[in-house]
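What follows is a short report on a single structure.
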Amino acid sequence: MTTLAELGRRMFLTAAGALATASAVGTHAFASGHARDARSADEYVDVQLLNITDLHGYLQAAPGSTSVITGAGGRKYTVGGVAYMAAHLERLRADRANSLFFAPGDLFSGWEFASESLADEPTIEALNRMGLDFASAGNHEFDKSPAFLSQHMVDGISYPTVDWDNSFVDSSGQRFHGADFAYYGANTVWARNGERVLPPYNIEWVDAGQGRRLPVGFIHLTALGTETMPASYQPGLRTLDPLATADRCAAELKSRGVNAIVLSLHDGAVAGGDFNSGTNPSGPAYELALRCSPDIDAIVCGHWHTAFNMMVPDPGGVPRPFVEAGCHGQIVNEISLRLDPGTGKVVRELTTSTNHPNTRDVAPHPELSDVVKYWAGYGTRRAAVPLGKQSASFTRTRNAAGESTMGDLVADWALWAGRQPQGPMNDANLDPRSPPTWPSSPSRRASGRPSSPGT
């Protein structure tokens, strides 16, 4: 029997034009040979899409084995660090009238001490300064709770203690005010009533010249089962089927007159070892890419911490970009769309895509360098703050009753934690005795560019 995955790979290998991928770093994946001259096709509206994924708060550099990535011919690149990323972004954005910078999730909630110990506020400041326009909520954005994401990380509300739990002073000397960008999520809903936690999509308007604007829609999905993942365990949430949700949102956007649509998906795939190409793809994002609505013109992935750049056929056999930009600030993906100025539709055969390595062989951006140094120093000072004193060692050595001092410490902590009342940030906890009491606040929209949220 031919499985869906096998059928998908067969479609990928045989569909005309679908296997046009980049063969070397700095070159593009082309939807067709005509795309090579797309930048000189002045009769179309040029739109640049820049994206990163799974930063996880690594502002200083990519950690360990993820600090080196492999490109064409086995060439190695040392990558990572938002100061270098900002420099690359500045170069990529130069002379592009319509440039959008976004991310398919897991930007914060990671393991770099300076970010994690300071409520991931350093990550938000860095992204604000780099001009992130909007983001999809990944599973790790829900590690603390939906309220923490929307009320604190986006709206800047403090809970419970300023300068201890959160709401620290940033590198500019200002109190944390939240993200200057909005979060979206189409398939994350409240289990109790099925209502969406976040808006499902946004519409960005690009300059078409002569006072005209064209809409580009972005659908946002997170991984199925996010609510049961160990770090993001939120029993008060539920995730809807990604394929059905993507198709439904695409139809809604079309009904609103949006003819250029991008899917920002916090789920991934594997597709070989060259970060700027793709071979033998497999995984949930790939299966979705083959099946989701042909009205979707590009699919940007995350979650799997992999890197690939390729074209795959939509259900009608027409190629569209299918990309993932690694993790920990390794890569900036760039997709170039050409829109028909009359209809706003993407001219698919002129679409190109490139994964740019975030190399450290350029001068770091001075503003972001200052941000990184400030928070690294803050983290070092915070790490030196005593939290308590012990008068004897905690060990695993057991006494006659089978107890150890380390075991007793863990048991005492668990007993203490279990007796604490649920705070207002636990709004996805199912305990009926602890209803959330978070203060209401209007959600801040992304600033600087006209945008329409989904409903």
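The values are calculated or read from the model by the stated rules, or taken from the named source; none is laboratory data. Since we're looking at a predicted model, the values are computed, not measured. Cβ atoms come from the backbone with ideal geometry, glycine included; neighbour counts cover every protein chain shown. To get the accessible areas, we keep the full protein, side chains included, count just its heavy atoms, and leave off ligands, DNA and RNA. Shrake-Rupley method; radii C 1.70, N 1.55, O 1.52, S 1.80 Å.
In degrees between 0 and 90, to the nearest 10, how far off the longest principal axis of the chain does helix 121-130 point, with axes built from Cα atoms? It works out to around 20 degrees. Once you divide the Cα radius of gyration of the range 190-237 by 2.2 N^0.38 Å, the number left is 1.77.
Kirkwood hydrodynamic radius of the range 109-176 from all distinct Cα pairs, in Å?
Values: mean 1/r = 0.0807 Å⁻¹.
Evaluated over the range 109-176, this radius sits at 12.4 Å.
Using only Cα atoms, tell me the angle between helix 82-93 and the longest principal axis of the chain; keep it within 0 to 90° and round to the nearest 10. Tilt relative to the chain: about 20 degrees.
Which length gain, in nm to one decimal place, applies between Ser391 and Trp164 when the Cα-Cα distance is subtracted from 0.36 nm times their residue separation?
Numbers: separation 227, 0.36 × 227 = 81.72 nm, distance 2.56 nm.
Full extension of this stretch gives 79.2 nm more.
Measuring gaps between exposed loop sites in the chain (GluC sites (Glu not before Pro); DSSP loop; at most 13 other Cβ atoms within 10 Å), the longest gap, sites not included, is 196-402. Highest mean packing comes first when the peptides 266-272, 392-398 are listed by Cβ atoms within 10 Å, giving 266-272, 392-398. If you sort Leu224, Leu290, Leu243, Leu387 by accessible surface, 1.4 Å probe, largest first, the order is Leu387, Leu224, Leu243, Leu290.
Using the Cβ of Tyr77 as centre and a radius below 11 Å, the other residues enclosed give a net charge of +2, where K and R count +1 and D and E count -1.
Work out the charge dipole of the chain with +1 on the Cβ of Lys and Arg and -1 on the Cβ of Asp and Glu about the Cα centre, then indicate which of Asn333, Gly178, Val318 is farthest towards its positive end. Looking along the dipole axis, the top candidate is Val318. The charge dipole of the chain, taken about the Cα centre with unit charges on the Cβ atoms of Lys, Arg (+1) and Asp, Glu (-1), comes to about 140 debye, rounded to the nearest 20.
Farthest toward the positive end of the dipole of the chain, out of Thr279, Ser67, Val262, is the Cα of Thr279, where the dipole comes from beta carbon charges about the Cα centre.
Tell me the carbon and sulfur percent of the accessible area for the chain, rounded to whole percent, probe radius 1.4 Å.
Details: 10450 of 19410 Å².
Answer for the chain: carbon and sulfur cover 54 percent of the accessible area.
Built from the Cα atoms of the range 319-395, the convex hull projects on average onto 11.4 nm², one quarter of its surface area.
What percentage of all Cα-Cα pairs in the range 108-232 are separated by more than 23 Å?
Values: 2971 of 7750 pairs.
Beyond 23 Å sits 38 percent of the P(r) for the range 108-232.
With n ≥ 4 as the cut-off for DSSP H runs, can you work out [θ] at 222 nm for the chain, using -39500 (n - 2.57) per run divided by the number of residues, rounded to the nearest 500?
Details: 8 runs with 92 residues, N = 455.
The helix contribution divided over the chain gives -6000 deg cm²/dmol.
On a per residue basis, the chain carries 43 Å² of accessible surface, using protein heavy atoms and a 1.4 Å probe.
Magnitude of the Cβ-charge dipole of the range 173-315, K/R +1 and D/E -1, about the Cα centre, nearest 20 debye? Write out the running numbers ahead of the final one.
Working: 10 positive and 14 negative charges, 84 e Å.
With Lys and Arg at +1 and Asp and Glu at -1, about 400 debye.
In the chain, the longest principal axis of the Cα atoms and the axis of helix 4-14 are about 40 degrees apart.
Please list, by residue number, everything in the range 93-116 whose backbone N is under 19 Å from a paramagnetic label point 7 Å out along Cα→Cβ of Asp42. So the set is 95-98.
How many Å³ per residue does the convex hull of the Cα positions in the chain occupy? Provide the component values of the computation, followed by the final result.
Working: hull volume 84.0 nm³, N = 455.
Dividing the Cα hull volume of the chain by its residues yields 185 Å³.
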